[in-house]
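Below you will find the structure I want to go over with you.
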Amino acid sequence: MRIGFGLAAQEEHVSDEAFLESCGAERVFLAATPESRLPTLAHAIAFLRQGDVFLVQSLERLGDSLEEIVAALEKVSKTGAAIQVGENDVTPGTPLGDALLPVSRYLAERIRHPAPPNAPEASDESRRDGPERRQRGRPAVLTGAQRERAQRLVTEQGMSTRQVARRFGVSTATIYRILQET
């Protein structure tokens, strides 16, 4: 049996009834007001039996949030009925039907529990809080004052990079890197 669920016509909205009947719904459950949507949906799901097809024009008809939509999809799935959303038949056993619930559950879970603190979004937040909050990468071998002093020793006093590197206890590559920064 094909059972449809939708919203009744309101002033500027077109009723789902015409769409559901065009899809061959034998029984149609229409929510007259937004407040009556959940009880009407529960009644429609209770009416479903194994092998029925549950018709809705869009997933938004099943709930206001992704969590409500996922809960409604799970209830329909537990009855053994197939789900047809719009013109798409989301039958268990088909690739789309098998993917709909797990993907919906995943999205609902991501909304309930956002990304972990070590995710890229969290590192963006720590960067905004300033460099003193968290050290990133390898610690600097020379302080800012030491870097300036090393640069002056090479450029103004004519010391070789090897001599300056030995004086500060770093590699010559570090001294060359300091000289390139200016």
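Starting from the Cα gyration tensor of segment 2-112, take the square roots of the eigenvalues, sort them a ≥ b ≥ c, and report rounded, prolate or oblate (rounded when a/c is under 1.5, otherwise prolate if a/b is larger than b/c, else oblate).
Numbers: a/c = 1.69, a/b = 1.24, b/c = 1.37.
It is oblate, given that a/c is not under 1.5 and a/b is not larger than b/c.
Put a dot 7 Å past each Cα toward the Cβ at E26 and R136; how far apart are the dots in nm?
Going from the R136 label point to the E26 one covers 6.3 nm.
Most exposed first by the Cβ proxy, i.e. fewest other Cβ within 10 Å, how do R149, R136 rank?
Numbers: R149 14, R136 10.
Arranged by neighbour count, lowest to highest, R149, R136 become R136, R149.
Express the C-alpha Rg of segment 140-182 as a ratio against the empirical globular expectation 2.2 N^0.38 Å, rounded to two decimals. Before the final figure, lay out each step's value.
On the way: Rg = 8.9 Å, N = 43, 2.2 N^0.38 = 9.2 Å.
The reported ratio for this selection is 0.96.
What is the Cα convex hull volume of segment 1-63 when expressed per residue in Å³? Before the final figure, lay out each step's value.
Numbers: hull volume 4.7 nm³, N = 63.
Considering the Cα atoms of segment 1-63, their hull volume per residue is 74 Å³.
Read-outs throughout are calculated quantities, based only on the coordinates presented, and are distinct from any laboratory measurement. Values in this document were obtained by computation on a predicted structure and should not be read as measured data. Reconstructed Cβ throughout: ideal geometry from the backbone, glycine too, with neighbour counts over all protein chains shown.
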